[in-house]
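Here's the structure we're looking at; comments come further down.
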Amino acid sequence: MEIRVEELAKAFGKRRILEGVSFSVQPKEMVGIIGPNGSGKSTLLKCVYRVLEPDEGAIYIGGEALAELPIRESARREAVLAQHHGSGFDFRVIDVVLMGRSPYKGILERYSKEDMALAEESLRFVGMEAFRDSSFQSLSGGEQQRVLLARAFTQETPCLILDEPTNHLDIRYQLQIMERVKAMKKTVVAAIHDLNIAAKYCDRLIAVKDAKILAEGTPEEVLAPAFIEELYEVHADILHTEDGSMVIAFRV
């Protein structure tokens with residue numbers, strides 16, 4: 001399912017966070033949003049998953065305007081892993097994962113055996129099945145991140161919106177999660193802090209800074225040393241492993 005963003009603009013007070021942002025993500029394509037802190041990555045994603053309403057422009061999912069879709073319908077098209085997920089309430093891990101089935105349920109409708117089986121499978125998928133009955137609040141940040149990814153997978157949507165999906169995860173789980181997301185063949189938009197993760201797993205990158213898109217293209221096209229210096233104000237060396245994978249080494 002295609003995601004299309006057209007001339008998006010968002011400001012908080014006098015501060016312009018996004019201005020004239022346009023791009024599209026093709027079905028089953030993984031696109032990474034990169035840029036320094038404060039560049040508007042999270043604000044952009046929040047507009048795409050309807051936490052924020054853009055001041056100008058429009059977002060289309062599957063050819064239909066997001067703003068005109070019922071909330072339940074948009075939740076059937078895109079699942080979200082947000083960057084911050086604190087809660088004043090506590091739930092068992094399995095109950096958090098089952099929340100991914102909510103868009104398909106009536107107000108008083110109970111979860112089915114099929115819902116439970118899907119939630120259990122999603123927990124196994126992220127390696128958290130042993131924590132099924134644990135308190136969500138008792139988990140570490142990385143464990144919570146994996147549970148919330150399981151919830152997003154349980155939602156069974158054609159699109160995934162991921163805000164720093166490898167945040168809090170150790171290296172093993174960073175790689176495992178990204179491998180599994182890639183293998184799912186969904187339309188993915190992900191804000192990614194780690195350029196090596198972005199280079200390894202994304203089909204295309206969109207670089208944002210100062211409210212605008214500065215560059216768009218494949219990792220090889222975008223992640224040139226001169227552009228990395230322009231975007232992040234650091235020097236970088238581009239290396240390649242024996243299998244051709246890009247590796248970025250940073251220096252002051």
Please work out whether the chain counts as rounded, prolate or oblate from its C-alpha gyration tensor, where a ≥ b ≥ c are the square roots of the eigenvalues and a/c under 1.5 means rounded, while otherwise a/b larger than b/c means prolate and anything else oblate? oblate
With n ≥ 4 as the cut-off for DSSP H runs, can you work out [θ] at 222 nm for the chain, using -39500 (n - 2.57) per run divided by the number of residues, rounded to the nearest 500? -9000 deg cm²/dmol
If you look at just the Cα atoms of the range 129-186, how large are its Rg and its Dmax in Å? 11.6, 32
In the chain, what percent of the accessible surface is made up of carbon and sulfur (1.4 Å probe, ligands and nucleic acids excluded)? 51 percent
Sorted peptide list for 20-29, 115-124, 143-152, criterion being average Cβ within 10 angstrom, highest first: 143-152, 115-124, 20-29
In whole angstrom, how far apart do the alpha carbon centroids of the range 158-204 and the range 207-232 sit? 18 Å
Which of these, 173, 232, 49, has the largest mean-square fluctuation under a Gaussian network model of the chain (Cα springs below 10 Å)? 232
Enumerate the amide H contacts of residue 91 below 5 Å, restricted to partners 5 or more residues apart or on another chain; note that Pro and chain-start residues carry no placed amide H. 136, 137
Residue 213: accessible area at probe 1.4 Å, nearest 10 Å²? 50 Å²
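Ranked from the most accessible area to the least, with a 1.4 Å probe and all protein chains present, what is the order of 194, 243?
On the way: 194 60, 243 120 Å².
Greatest to least solvent exposure: 243, 194.
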Quick one: angle between helix 141-154 and the longest Cα principal axis of the chain, in degrees between 0 and 90, rounded to 10, please. 70 degrees
Quick check for you: with a 1.4 Å probe and neighbouring chains kept, what is the accessible area per residue of the chain, in Å²? 49 Å²
Whole-Hz Karplus couplings 3J(HN,Hα) for the range 237-243, θ = phi - 60° and coefficients 6.51, -1.76, 1.60, Gly and Pro as x, run 10, 9, 10, 9, 7, 4, 8
Rank 125, 12, 153 by mean-square fluctuation in a GNM of the chain with C-alpha springs under 10 angstrom and give only the top-ranked residue. 12
Which whole-Hz ³J(HN,Hα) couplings does the range 6-20 yield from phi under the Karplus relation 6.51 cos²θ - 1.76 cosθ + 1.60, θ = phi - 60°, glycine and proline marked x? 10, 6, 6, 9, 8, 9, 10, x, 8, 8, 7, 8, 9, 8, x
According to a simple spin-label model (label point 7 Å from Cα along Cα-to-Cβ), what is the distance in nm between residue 91 and residue 221? 4.0 nm
Once amide H atoms are placed 1.01 Å from N in the peptide plane, what residues at a sequence separation of 5 or more from residue 247, or on another chain, have their amide H within under 5 Å of its amide H? 239, 240, 241
Would you mind checking the tilt of helix 171-183 against the longest principal axis of the Cα atoms of the chain, expressed as 0 to 90 degrees and rounded to 10? 80 degrees
Share of antiparallel DSSP beta bridges in the chain, in percent to the nearest 5? 60 percent
At a 10 angstrom cut-off on C-beta neighbours, averaged per residue, how do the peptides 186-192, 127-133 rank from highest to lowest? 186-192, 127-133
Taking H placed 1.01 Å from N in the peptide plane, check which residues at least 5 places from residue 214 or on another chain put their amide H under 5 Å from its amide H. 207, 208, 209
Select from 183, 199, 224 the residue whose mean-square fluctuation is largest in a Gaussian network model of the chain (Cα-Cα springs shorter than 10 Å). 183
Which net charge results when you count Lys and Arg as +1 and Asp and Glu as -1 among the other residues whose beta-carbon is under 14 Å from that of residue 50? -1
Report the label-to-label distance for residue 121 and residue 64 in nanometres (one decimal), using points 7 Å from each Cα along the Cα→Cβ vector. 2.5 nm
Could you give each residue of the range 189-206 its phi-based ³J(HN,Hα) in whole Hz, using Karplus coefficients 6.51, -1.76, 1.60 with θ = phi - 60°, and x for Gly or Pro? 10, 9, 7, 10, 7, 7, 5, 5, 5, 4, 5, 6, 10, 8, 6, 9, 10, 10
So the label point goes 7 Å from the Cα of residue 26 along Cα→C-beta, right? Which residues of the range 181-204 then have their backbone N under 12 Å from it? 203-204
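The values are calculated or read from the model by the stated rules, or taken from the named source; none is laboratory data. Owing to the predicted nature of the structure, the values given are computational and were not obtained by experimental measurement. All Cβ positions, glycine included, derive from the backbone under ideal geometry; neighbour counts span all protein chains shown. Ligands, DNA and RNA are excluded from the accessible area calculation, which covers all protein heavy atoms including side chains. Shrake-Rupley method; radii C 1.70, N 1.55, O 1.52, S 1.80 Å.
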